[in-house]
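The values are calculated or read from the model by the stated rules, or taken from the named source; none is laboratory data. Bear in mind the structure is a predicted one, so any value in this text is a computation, not a measurement. Positions of Cβ are backbone-derived with ideal geometry, glycine not excepted, and every protein chain shown enters the neighbour counts.
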Amino acid sequence: MQLKGKKVIIIGERDGVQGPAIEACVRSAGAEPVLVQTQCFV
Amino acid sequence: MVDYSSNQNAKPVVKGVSYFLAHVPSMVRHGSKPSREIGKDPSLLPPLLSHLETFDQAVAYPPNQVFIGNLDPDDLLHNIPRPWYQNPIPNSSRWGPFGEIMPEEEFYGMMKICDEFQILPMEEGFLKEIALKLKEHPLFTTEDLQKLDKGIPLEQIEKQLGEEETVPIYVRGDRLVGCLHRASGGGAEEDTNLVPGILLENLATRASGVLALRHLIAKTGGAQDIDYLLGCGEEAVGDRYNRGGGNMAKAIGELCGCGRATGSDVKAFCCAPVHAIVIAAGLVASNIFNNVVVVAGGSFAKLGMKFQGHLRHDMPILEDVLAGIAIWVTRDDGKSPVIRLDSIGKHEISSGSAQQAIIEKLVVQPLDRLGLKLTQIDKYATELHNPEVTEPQGSGNVPRTNYRTIGSFAVLRNEIQREELDHFVEVHGMPGFSPTQGHIASAVPYLGHSVRKMIAGEMKNAMFLAKGSLFLGRVTQLSDGISFILERNEGDK
């Protein structure tokens, strides 16, 4: 999947991969995060 | 006489730990998720009520027996198959070395005792019933029982339910026994931070904290010896001008005979108990206080949080307990396990939110500082949420995820091979057993077990690491975390 130029919604998980960490990866791939959240299910 | 003689580098130790569970199935409907969903779809209430556990079922539930110390966490791994709710422990007791599991009727008695503003009227016949039961309870006093003789007729309670926002109180699912209404006077009638739902939460938190602290005092030391109380629960006590004013700690201590203590609350989401233990250790080590107790009541809002997953799988609704904890930190007594002050790990503001960064700060850096390998910690206590609660709703096995992350660092550092990761998790981790009560589940449920094992000479050390989800408050995107190592006391060596 090519992320470059795409808009991305990011939902991370506290005990998994958190939103800001995914955001860093997504930005480095050239995509634009439009929503970044981290969920905590506990 | 209190001994304040100087001891320049006082070593802080954990002298006692207690855990309390109130089994409150009839309160599940008032948890945050159930109350919102039932409000949208009232047809959810009958199946919720039909999937509530009895008190005997809650007592026999293996993770609850681990929580109060009648079983070891590793018993859940080696001796008791899943699903645990289908493998109850025969002849199980509500009493354990760390505390007790209390039925909701008796817990409502403590809530009534905590009710200093007459916001919790209860039916007169019901109060008489529970007063008789609590007369036999070792931790209730004559003064307590005197507060239970002011019941009112059921008709008056039913009439008060007609008032806006009044919360009905039930036992056995749907037997009405009381209600919680607005406080009056001083503008309370208009205060959005003093609505009945918030007052109910705070009352339940105080009651569960009181019972945890009474258990701790009964087996650890005198109430009058306690200098300072550190609250670490999830409630927010306050009014319209000071929403989170706090000091639930002092309110709890008041009903436990802690006449010499003052206190304050540590607010750090789920990380608060471990933060509070570190602060308590610092207060003792610096000779400010001799005896500091960390205390918290339960998380009322989290009752029934994952009830939909449990109903989908036709399981009992397992989030039916309010938990309380109390931890006594004092100066070295030559016997109690030591909090290593040089082992504190902290997730810093600049650390970033990746799991790698969090574990680096909480686990790896403290161990490097002490010259230890990851494999040299006997047990890690991390997020200990019961997977039987979380998996049906799709939230996975949180302890296992955390232990595999820690173990992965051991692989990265060549301490173990990749194929040994499962074995690392088995030896240095444990199955989750804690109720999903937020702050309660973050590392501290293992503290009582580790203290017991270290005093018995069965364990050398344990690392406690907790995380907090600060981003949930919509103020910052930051996470949080803090850790410490507990070590067997070697006496004068």
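Miscellaneous remarks
- Test result for B:Glu419, farther than 25 Å from B:Ala268 by Cβ and touching a Leu at 6+ places or on another chain (Cβ under 9 Å): no
- Neighbours by Cβ (under 9 Å, 6+ apart or cross-chain): first from region B:154-165, of a type outside the set (D, E, K, R); second part of a loop (DSSP other than H, G, I, E, B): B:Gln156/B:Pro121; B:Ile157/B:Pro121; B:Gln160/B:Pro121; B:Gln160/B:Thr166; B:Gln160/B:His181; B:Leu161/B:His181
- For B:Gly185, the conditions (1) in contact (Cβ under 8 Å) with a residue 12 or more places away in the chain; (2) part of a loop (DSSP other than H, G, I, E, B); (3) farther than 27 Å from B:Asp56 by Cβ are fulfilled apart from (1).
- In the set A:Glu23, A:Glu13, only one residue is touching a Ser or Thr at 6+ places or on another chain (Cβ under 8 Å), among the acidic types (Asp, Glu) and within 12 Å of chain B (Cβ to nearest Cβ); that residue is A:Glu13.
- Flag for A:Val8 being aliphatic (A, V, I, L, M), within 8 Å of the chain's Cα centre (by Cα) and at negative phi: yes
- Against the test of being at pLDDT 95 or above, crowded, with 16+ Cβ neighbours inside 10 Å and under 20 Å from the mean Cα position of the chain (by Cα), the options B:Glu106, B:Glu123, B:Glu37 yield a single qualifying residue, B:Glu106.
- Yes/no for B:Ile101 being surrounded by 22 or more Cβ atoms within 10 Å (Cβ to Cβ) and not basic (Lys, Arg): yes
- Residue count, region B:205-243 (criterion: without any contact (Cβ under 8 Å) to a residue 40 or more places away in the chain and surrounded by fewer than 16 Cβ atoms within 10 Å (Cβ to Cβ)): 4
Matching residues to (1) modelled with pLDDT under 95; (2) over 21 Å from B:Phe140 (Cα atoms); (3) out of contact with any Ser or Thr (no Cβ under 8 Å at 6 or more places or on another chain):
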| residue | (1), (2), (3) |
| --- | --- |
| B:Ser184 | yes, yes, yes |
| B:Ala188 | yes, yes, yes |
| B:Gly233 | no, yes, no |
| B:Ala261 | no, no, yes |
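- Checking A:Met1 against (1) of a type in the set (A, V, I, L, M); (2) loosely packed, with under 14 Cβ neighbours inside 10 Å; (3) assigned to a strand (DSSP E or B), the condition it does not meet: (3)
- All positions within region A:28-42 that are within 14 Å of another protein chain (Cβ to nearest Cβ) and outside any loop (DSSP other than H, G, I, E, B): A:Ser28, A:Pro33, A:Leu35, A:Val36, A:Gln37, A:Thr38, A:Gln39
Condition check ((1) free of Cβ contacts under 8 Å to residues at least 12 places away in the same chain; (2) farther than 29 Å from B:Ala276 by Cβ; (3) among the charged types (D, E, K, R); (4) part of a loop (DSSP other than H, G, I, E, B)) across all residues:
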{"residue": "B:Val17", "(1), (2), (3), (4)": "no, no, no, no"}
{"residue": "B:Ser26", "(1), (2), (3), (4)": "no, yes, no, no"}
{"residue": "B:Lys33", "(1), (2), (3), (4)": "no, no, yes, no"}
{"residue": "B:Ile38", "(1), (2), (3), (4)": "yes, yes, no, no"}
{"residue": "B:Leu49", "(1), (2), (3), (4)": "no, yes, no, no"}
{"residue": "B:Gln65", "(1), (2), (3), (4)": "no, no, no, no"}
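- Residue check, B:Asp320 among the charged types (D, E, K, R) and at positive phi: no
- Some residue of region B:301-308 being surrounded by 24 or more Cβ atoms within 10 Å (Cβ to Cβ) and under 22 Å from B:Asp333 (Cβ atoms): no
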